[in-house]
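All remarks here apply to the structure that follows.
The values are calculated or read from the model by the stated rules, or taken from the named source; none is laboratory data. The structure displayed is predicted, hence computed values, not measured ones. Here the Cβ is made from the backbone with ideal geometry for all residues, glycine too, and neighbour counts use every protein chain on show.
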Amino acid sequence: MIRFDQVGLRYDAGEEILSDLDFEIRKQSFQFLTGPSGAGKTSLLRMLFLALKPTRGSISMLGRDVATLSRRDLPSIRRRIGVVFQDFRLLDHMTTFENVALPLRVRGRSEASYRQDVVDLIEWVGLGARMNAYPATMSGGEKQRAAIARALIDQPDILLADEPTGNVDPPMARRLLRLFLELNRTGTAVVIATHDFGLMDQIGARRLVLGEGRLVIQD
Ligand SMILES: Nc1ncnc2c1ncn2[C@@H]1O[C@H](COP(=O)(O)OP(=O)(O)OP(=O)(O)O)[C@@H](O)[C@H]1O
């Protein structure tokens, strides 16, 4: 569903920070993206989310060559990609329910049409009791789960998560991992960027390992 061919990335006139990336994210697959700090995980995630174009090579996303996409094409493709950012990006003046419902609201859906789906998803991530809480009153793990629910509400084909266990203790990290595995079982491809070897060692998933600008795949 996503294919990188000989992709390179440089910022401005600098050196390439990523070179010769050749890999595929398959439908319904599960993988970790890892590598030392500064190796380019966030940059690679930004290319996967179409927030950054490669400076060399090509990316094909859901059957389309990214280089040929116009601005108008982006929203419909992005809607099929859920993203959980490192810093959550929840809106402070909105409750959990409102934050999770936001992607549907901005698409013009009426609250009556999505209310139950939003409630069900918030319960599924274990935040039923925090439905009407504001981010300022929530713990890191709760905010993390609200951000995950928001990324999932539009039923994306692929979920990208940047250090989703960076702000939580080990039991919560295990709980989040179970959530991602469960999501994957229901058909969503999952890419988790992480430094956390404890997390990766819990399951034998594919690893995309970045280092010195190159990608090595451990199947
Ligand atoms: N907007 C930018 N302009 C110039 N250089 C950048 C920009 N964003 C990132 N870089 C550089 O690209 C390299 C990779 O950064 P990136 O944030 O992708 O790494 P990372 O693996 O996600 O790091 P970390 O694990 O510390 O978050 C770094 O050398 C960084 O300084």
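Brief remarks follow.
- Here L199, L179, L210 are screened, and the one residue that is among the hydrophobic types (A, V, I, L, M, F, W, C), out of contact with any Leu (no Cβ under 9 Å at 6 or more places or on another chain) and either at pLDDT 95 or above or surrounded by 12 or more Cβ atoms within 10 Å (Cβ to Cβ) (or both) is L179.
- Segment 121-166, subset of a type in the set (K, R) and within 16 Å of F85 (Cβ to Cβ), residue farthest from the chain's Cα centre (by Cα): K143
- Taken over segment 36-83, residues that are within 16 Å of the ligand (Cβ to nearest atom) and in a helix (DSSP H, G or I) amount to 8.
- Cβ separations smaller than 7 Å between residues 6+ apart or across chains give the following pairs from segment 1-29 residues that are aromatic (F, W, Y) to residues that are near the ligand (Cβ under 10 Å from one of its atoms): Y11/I17.
- The condition (being buried (at least 16 other Cβ atoms within 10 Å of the Cβ), outside any loop (DSSP other than H, G, I, E, B) and aliphatic (A, V, I, L, M)) is satisfied by just one residue among A129, A136, A173: A173.
- Residue check, S60 in contact (Cβ under 8 Å) with a residue 40 or more places away in the chain, among the small types (G, A, S) and surrounded by fewer than 17 Cβ atoms within 10 Å (Cβ to Cβ): yes
- Test: residue in segment 148-158 that is away from the ligand (no atom under 16 Å from the Cβ), on the phi < 0 side of the Ramachandran plot and assigned to a strand (DSSP E or B): yes
- Residue match in segment 6-28 (condition: on the phi < 0 side of the Ramachandran plot, within 11 Å of the ligand (Cβ to nearest atom) and acidic (D, E)): yes
- The requirement of being more than 16 Å from the ligand (Cβ to nearest atom), modelled with pLDDT under 95 and in a helix (DSSP H, G or I) is not satisfied by L102.
- Lone unmet requirement of (1) at pLDDT 95 or above; (2) out of contact with any His (no Cβ under 8 Å at 6 or more places or on another chain) for Y134: (2)
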